[in-house]
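The structure appears below as structure tokens.
The values are calculated or read from the model by the stated rules, or taken from the named source; none is laboratory data. Just so it is clear, the structure is predicted and the values come from calculations on it, not from any experiment. Ideal geometry is used to build each Cβ from the backbone, glycine not excepted, and the neighbour counts take in all protein chains shown. Calculation scope for accessible area: heavy atoms of the full protein, side chains included, ligands and nucleic acids excluded. Shrake-Rupley method; radii C 1.70, N 1.55, O 1.52, S 1.80 Å.
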Amino acid sequence: MNKVKKALIPAAGLGTRFLPATKTIPKEMLPIVDQPILLYIVEEAVRAGIEDIILVSGRGKSAIEDFFDCSYEVEDLLSKTGKVEMVDRLKNIRNMANIISIRQKEALGLGHAVACGSPIIGKDNFAVLLGDEIMYSAVSEPTVTEQLTNVFSETGLSTVAVMQVEPDQVEKYGIVAGEKNSAGQIQITDVVEKPKKETAPSRYALPGRYVFTAQIFDSLKNAKPGKNGEIQLTDAMTDVAKKYGMLGSEFKAKRFDAGDKLGYLMANIEIALMREDLSSDLRTYLKKLVPTL
Ligand code: G1P
């Protein structure tokens, strides 16, 4: 059965791009409007039918675990003051999935972080969602993770999201090589981590959404340090692609690079503009502001 019920979210990074804010607050906990980045990622996974979320965290990240726990005092106070809707929202957050937290004890790369999930994931298929990217889809639309699990359930092949980027952007991403099949997916033959634009095999970049079979763990086990001396997920992906096949699938969603300061600000503005409670006032403010720029 090509079902995907588990997802792994790497959350061990130090968040140096957001210092000093991230000195004591995990970058995954920084808010976009009024919810932490991580909650957007978890919601995307849950909407795709994921039941178990494996968070690969690191030292100083206990706020992440607390976020998915019961906060008795807050809920009690809200109940007593009649804020029933918020109590329900908080309960819904802690019950939306089984959150399983494990630690990556050394920063040895994304491939190593994914391999840390192996004892929990075992032989199951699983999704990987990188927290720096927010993929925003309307509630009526399938999330990017669901788009991938749909392809996976039809084909049984590991399937990863790809997007076309400008030549000067390829250096920021894993880039796939391969030809499109009749269904419009890329039959991946190779994955190169952050190539120079002159040597990039294509302009199809990995934005951080993947669905893998457990075959990736065997490839990770044998992976040698690659780019920047790190165990790269992309090297293990090349191995799986060559041995078993792997598909690259373009997706529909509004993507925000929340791991970057400008992208983070843009996500705040655009997501607020999509929110009923904020859009009208924010629009008025922005209209007033723009002519003064
Ligand atoms: C990681 C991956 C890269 C991927 C990118 C997406 O790189 O190694 O293949 O394209 O995430 O955000 P990082 O941005 O963590 O350096």
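Quick notes
- Residue check for residue 168: more than 27 Å from residue 104 (Cβ to Cβ), surrounded by fewer than 21 Cβ atoms within 10 Å (Cβ to Cβ) and over 21 Å from the mean Cα position of the chain (by Cα): yes
- Number of positions in region 217-267 that are open to solvent by 20 Å² or more (accessible area, probe 1.4 Å) and outside any helix (DSSP H, G or I): 14
- The lone exception for residue 75 - which of (1) closer than 17 Å to residue 214 by Cβ; (2) open to solvent by less than 20 Å² (accessible area, probe 1.4 Å); (3) away from the ligand (no atom under 16 Å from the Cβ) it fails: (1)
- 1 or more residues closer than 24 Å to residue 264 by Cα and modelled with pLDDT of 95 or more: qualifying strands (runs of 3 or more DSSP E) within region 32-139: 52-57, 126-129, 133-136
- Residue match in region 108-124 (condition: of a type in the set (Asp, Glu) and open to solvent by less than 90 Å² (accessible area, probe 1.4 Å)): yes
- Within region 199-216, being more than 10 Å from the ligand (Cβ to nearest atom) and in a loop (DSSP other than H, G, I, E, B) holds for 199, 200, 201, 202, 203, 213, 214.
- When restricted to residues that are of a type outside the set (S, T, N, Q), farther than 20 Å from residue 215 by Cβ and within 11 Å of the ligand (Cβ to nearest atom), region 152-191 contains 7.
- Answer residue from region 196-210, given it is of a type in the set (D, E, K, R) and over 9 Å from the mean Cα position of the chain (by Cα) and is surrounded by the fewest Cβ atoms within 10 Å (Cβ to Cβ) among those: 198
- Among the residues making up region 58-72, those that are open to solvent by 50 Å² or more (accessible area, probe 1.4 Å) and not basic (Lys, Arg) are 60, 62, 65, 66, 67, 69, 70, 72.
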